[in-house]
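Taking it in order: structure first as structure tokens, then the write-up.
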Amino acid sequence: MNPYLYIFGTLFFTVYGQIVLKWRLSGLKVVLPEGFLDKIIYLVKLVFDPFIFSGFASAFIASLFWMAAMTKFEITQAYPFMSLAPALIFIIGIFFMGETYTIGKLLGLILIMIGIVVTVKY
């Protein structure tokens, strides 16, 4: 099996988890209560929503893929690929979730991509 699939799996499940949490919480129009204890109770109840639970489960699955990746790569070789997660979130957020973008965000994304290439190649 190609060891880069472990990195891809880590990215896929990390991004899925973040996107599904944002999508579901936006759909539920979540407003946190004021009191600390009320917030905790409310958030614990949210965990049992099937989509939110799948987001947490995907984080666990991503960690399993990451452990597999760490058996095949040096961390300094593998970790720069994790910088692709913000780029993927940026693209999905704009095209599928209707979020706004600015030139600053786009410039930052380009700088991240350049940083990945420099870190992995040199």
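What does the charge dipole of segment 1-105 about its Cα centre add up to, to the nearest 20 debye, if the Cβ of each Lys and Arg holds +1 and the Cβ of each Asp and Glu holds -1?
Working: 7 positive and 5 negative charges, 21 e Å.
Magnitude of the dipole: close to 100 debye.
Mean separation of Cα pairs under 8 Å and 6+ residues apart, divided by the residue count of segment 1-87: what relative contact order is that in percent?
On the way: 60 pairs, mean separation 45.1, N = 87.
The value is 52 percent.
Computed from Cα atoms, the angle from the helix 84-97 axis to the main principal axis of the chain rounds to 50 degrees.
Over the C-alpha trace of the chain, radius of gyration and Dmax come out as 17.0, 51 angstrom. Distance from the alpha carbon centroid of segment 61-90 to that of segment 32-58 works out to 27 angstrom. In summary, the lysines within cross-link reach of Lys105, defined as a Cα separation below 25 angstrom excluding same-chain residues under 8 places away, comprise Lys22, Lys121.
When you filter the chymotrypsin sites (Phe, Trp or Tyr not before Pro) in segment 21-85 for DSSP loop state and at most 12 other Cβ atoms inside 10 Å of their Cβ, you are left with Phe48.
Mean residue ellipticity at 222 nm, helices only, the chain: -26000 deg cm²/dmol; runs of at least 4 DSSP H residues each add -39,500 (n - 2.57), and the sum is divided by the number of residues. For the residues Ser54, Ser83, Ser26, a GNM of the chain with alpha-carbon springs under 10 Å puts the largest fluctuation on Ser26. The trypsin sites (Lys or Arg not before Pro) found in segment 4-91 that occupy coil by DSSP, while having at most 15 further C-beta atoms within 10 Å, are Lys29, Lys72.
No lab work stands behind these numbers, since they all come straight from the coordinates. As the structure is a prediction and not an experimental result, all values here were calculated from the model. Virtual Cβ from ideal backbone geometry, glycine too; neighbours counted across all protein chains shown.
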